[in-house]
Amino acid sequence: MSTAATNVAHHADVEHEEDNSLTSWLTTVDHKRIGKLYMFSALFFFALGGLEALLIRLQLMWPENHFISAQTYNEMFTMHATTMIFLSIMPLSAAFFNFLIPLQIGARDVAFPRLNALSYWLFLFGALFLNFSFFFSGLPDGGWFGYANMTLAKYSPGHSIDFWILGLAILGNSSMMAGFNFITTILNLRTPGMTMFRMPIFTWMSLVVQFLIVMSFPMITVGLLLMLFDRSFGTNFYFPPNGGDPLLWQHLFWLFGHPEVYILILPAMGIVSEILPVAARKPLFGAPFVIFSGIMIGFVGFGVWSHHMFTTGLGPVADAAFSTTTMLIAVPTAVKIFNWIATLWGGKIRFTVPAVFAITFVFLFTIGGLSGVMHASPPVDLQQQDSYFIVAHFHYVLVGGAFTGLMSGVYFYWPKMFGRYLDERAGWISWVLLFIGINLTFFPMHFLGAMGMPRRTWQYPVGAGYDMWNMVATVGSWFIAVGFLVTLASAVANAFFGKGKKAPADPWDAATLEWSIASPPPHYNFKKLPTVASDRPYWDEKHEGGPAVSQEVIAVDAPSHVEMPPPSWWPLGQALFQGGFFAAFLIGGGTGQFDADRFMIQLPIQLLLAAGMLYCMFGWIREDARPR
Ligand code: HEM
Ligand SMILES: [Cu+2]
């Protein structure tokens, strides 16, 4: 795109020949393109995390199996979980944040387009860095919550845990930058008339999520840096023999870790709250309550973290307090479930593929939520902690919930993102296989847990009674694998080979602004920024005789040119230097002692990389990025 100024008169609303060169993607600052980059990265990493899960399930297919070694098993569940949470579900949500939020609020891009690009490249750097450990020291093997002091150098020598620490720190940076970017965008770039309570639910839930991100990621970042210090410089933050306390790590991790589960589920809840009203041909029931319950989940979500530590002996007062707050959080969650069911109730429901995924989300998430309430009771949790009952619980809320909800978004928003519907038949096949697979894999885990099968165990003994349900769960995991691959193949055929029926601007007869512009949207989104008068502006224009918001009506007299931010190399440059700076900590890591020789190699390299970061920062500041 040589000229920054985009001519609208000629190209308005018709599909425009997009520059698809590699350079245009490496330098893009367009939120829609960044959304697509997150989408395909997340789908790829879901496949990788899924492969790791299949290996776990094959090992557990029958007792005393030797399919993979105990060490590989530890690496598989650690990377499976870390990949699914940080490299798949979070980026899949980020794909929708990036693509949808500016369109839903009536903006042409996010507040800081180059910062947005930097977030993506840092994410990709962190994701690749984490997995590169495979070629160096072996994959991280300390579990997704990396409990100290198992993850200290004494018990985890070598670099695999350093890769995990530094990889998560880089990913955390990426998320925090994006968090501030979207908070600024949502609070400042809403189109005229879009008051806070006229914002679509997905944008509202995204706003809550961004606050959760910028307030929780600092906790784990501090925890990770203290662990890096213990492993590289011989400090003792978590090492009891020298006065450290491993529980400090657990508190710092779960102060992040529990808000993290809402960072994973709230975007899916937002998407489902967009899809169910469109499917039911009714407004969302009690929309303000859905918004307030999301806000309440955000707040109370910061007050429950020690329910992950009921077995660490915090004492009856702490247990009672965290049990109460955890029970309390069931209330806003139940409000949402009630409002979704009430929205469907009496509606003329059109059972499209996205609608059925959304309804499945409500059903499966409720199952996961119910076992969550059980864990909130300390005496019950003492039985269930670290058993397969817990594994069943979080897979129902993360796979049955987050993943299924986001899948409904993939089928609902794909026509808007790529201009073609995803194949419907493939969608139905994928849904059937996933529905069977999720229940076949994770429901038996409730029984295994109740029978006492511990999680994170490489093998189980013959005669323990776990055989049948483990075989069933393993068979189920293949249903999930094939079900997901059907969607992945359909998505790739659609985006890269032009398969799929062309989609109109408003394929589902929906209510919000993103449907009032072309599919895919033009680079500048809106020729003329609309003025809205309700929380269903496009529906009101189409069905209630409300004021026009669609471009073909309001933009006839729009100027022929729109100012858009130009592409830039600085975000990619900054990400490479910043990622490199973090990666260089590997040089001195993994020994648990301060190694002056290694440090004298590490320091000059880091100073060079820091100089590179400064150079990019000044290039960035001096770059004339003003929209032209
Ligand atoms: C797609 C199908 C999936 C299958 C078949 C699967 C299977 C499993 C199994 C069998 C374990 C237990 C390993 C053990 O404790 O020994 C596990 C652990 C875990 N899974 Fe999944 N999973 C899947 C998807 C997901 C998704 C989508 C997420 C998150 C968004 C996820 C998050 C986790 C977490 C956090 C753990 C705990 C790992 C640890 O103990 O450190 N899983 N998974
Ligand atoms: Cu929790």
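The values are calculated or read from the model by the stated rules, or taken from the named source; none is laboratory data. Quick caveat: nothing in here was measured; it's all calculated off a predicted structure. Note that each Cβ is placed from the backbone with ideal geometry, even for glycine, and that neighbours are counted across all protein chains shown. To get the accessible areas, we keep the full protein, side chains included, count just its heavy atoms, and leave off ligands, DNA and RNA. Shrake-Rupley method; radii C 1.70, N 1.55, O 1.52, S 1.80 Å.
Couple of notes before you dig in:
- Taking amide hydrogens as placed 1.01 Å from N in the peptide plane, the amide H of V562 sits under 5 Å from those of T6, V8, each at least 5 positions away in sequence or on another chain.
- Once all protein chains are placed together, V462 keeps about 100 Å² accessible to a 1.4 angstrom probe.
- Cross-link pairs exceeding 26 Å between alpha carbons, from the set K36/K528; K32/K527; K348/K528; K36/K502: K348/K528.
- Shape analysis of region 431-549 based on the Cα gyration tensor places the equivalent ellipsoid semi-axes at 49, 19, 12 Å, largest first.
- Highest average first, the peptides 571-581, 79-89, 373-383 ordered by how many other beta carbon atoms sit within 10 Å of their residues are 79-89, 571-581, 373-383.
- Residues whose amide H lies under 5 Å from that of R420, counting only those 5 or more places away or on a different chain, are A503; hydrogens are built 1.01 Å from N in the peptide plane.
- Evaluated over the Cα positions of region 407-451, the convex hull gives a direction-averaged projected area, one quarter of its surface, of 3.6 nm².
- Amide H within-cut-off set for Q593, under 5 Å, with H built and near neighbours excluded: G234
- Local electrostatic count at A153 - Lys and Arg +1, Asp and Glu -1, tallied over other residues with Cβ under 12 Å: -1
- With θ taken as phi - 60° and the Karplus curve 6.51 cos²θ - 1.76 cosθ + 1.60 applied, the whole-hertz 3J(HN,Hα) list for region 135-141 is 8, 10, 9, x, 5, x, 9 Hz, x standing for glycine and proline.
- Applying a DSSP loop filter and a limit of 12 other Cβ atoms within 10 Å to the GluC sites (Glu not before Pro) in region 487-578 leaves E544.
- Apportionment of accessible area to carbon and sulfur, region 245-501, percent (1.4 Å): 77 percent
- Per-residue ³J(HN,Hα) for region 74-82, Karplus 6.51 cos²θ - 1.76 cosθ + 1.60, θ = phi - 60°, Hz, x for Gly and Pro: 4, 5, 5, 6, 5, 6, 4, 5, 4
- Its residue count N fixes a reference of 2.2 N^0.38 Å for region 211-306, and the Cα radius of gyration divided by that reference is 1.52.
- Contour minus Cα-Cα distance for R350 and M150 (0.36 nm per residue): 66.8 nm
- Prolate/oblate/rounded call for region 59-211, Cα gyration tensor, a/c under 1.5 rounded: prolate
- Ranked by the mean number of other Cβ atoms within 10 Å of their residues, highest first, the peptides 126-137, 600-611, 218-229, 265-276 come out as 265-276, 218-229, 126-137, 600-611.
- When peptides 389-401, 584-596 are sorted by average Cβ neighbour count within 10 Å, with the highest value leading, the order is 389-401, 584-596.
- Once the Cα-Cα distance is subtracted from the 0.36 nm per residue extended length, the M196 to I621 segment shows a gain of 149.8 nm.
- When region 245-501 is described by a simple charge dipole with +1 on each Lys and Arg Cβ and -1 on each Asp and Glu Cβ, the residue from A320, H395, A450 located farthest towards its positive end is H395.
- Mean-position separation - Cα centroids, region 81-130 and region 143-205, in angstrom: 10 Å
- Translational diffusion of the chain, µm² s⁻¹ [Kirkwood Rh, Cα pairs; Stokes-Einstein; 25 °C; 0.890 mPa s]: 97 µm²/s
- Treating each Cα of region 177-227 as one equal point scatterer and applying the Debye formula with no solvent, the log10 of I(q)/I(0) at q = 0.15, 0.18, 0.28, 0.31 Å⁻¹ comes out as -0.48, -0.61, -1.05, -1.15.
- Cα centroid of region 355-425 to Cα centroid of region 447-517, whole Å: 10 Å
- Sorted largest first, the principal axis extents computed over the alpha-carbon atoms of region 245-501 equal 59, 49, 35 Å.
- Cα centroids of region 329-354 and region 567-605: 49 Å apart.
- Straight Cα distances below 16 angstrom link K542 to the lysines K282, with same-chain residues fewer than 8 positions distant left out.
- Straight-line cross-link partners of K499 among the aspartates and glutamates, defined as a Cα under 14 Å from its Cα and at least 8 positions apart when in the same chain: D423, E424.
- Taking Cβ atoms as reference points and 15 Å as the exclusive limit, the residues near W478 contribute a net charge of 0, counting Lys and Arg as +1 and Asp and Glu as -1.
- Å² per residue, accessible surface of region 245-501 at 1.4 Å: 37 Å²
- Evaluated with a Cβ-only charge set (Lys, Arg +1; Asp, Glu -1), the chain carries a dipole of roughly 740 debye about its Cα centre, given to the nearest 20.
- Per-residue 3J(HN,Hα) values for region 300-311, derived from phi via the Karplus relation 6.51 cos²θ - 1.76 cosθ + 1.60 with θ = phi - 60°, read 5, x, 8, x, 10, 3, 7, 5, 7, 10, 4, 8 Hz in sequence order (x marks Gly and Pro).
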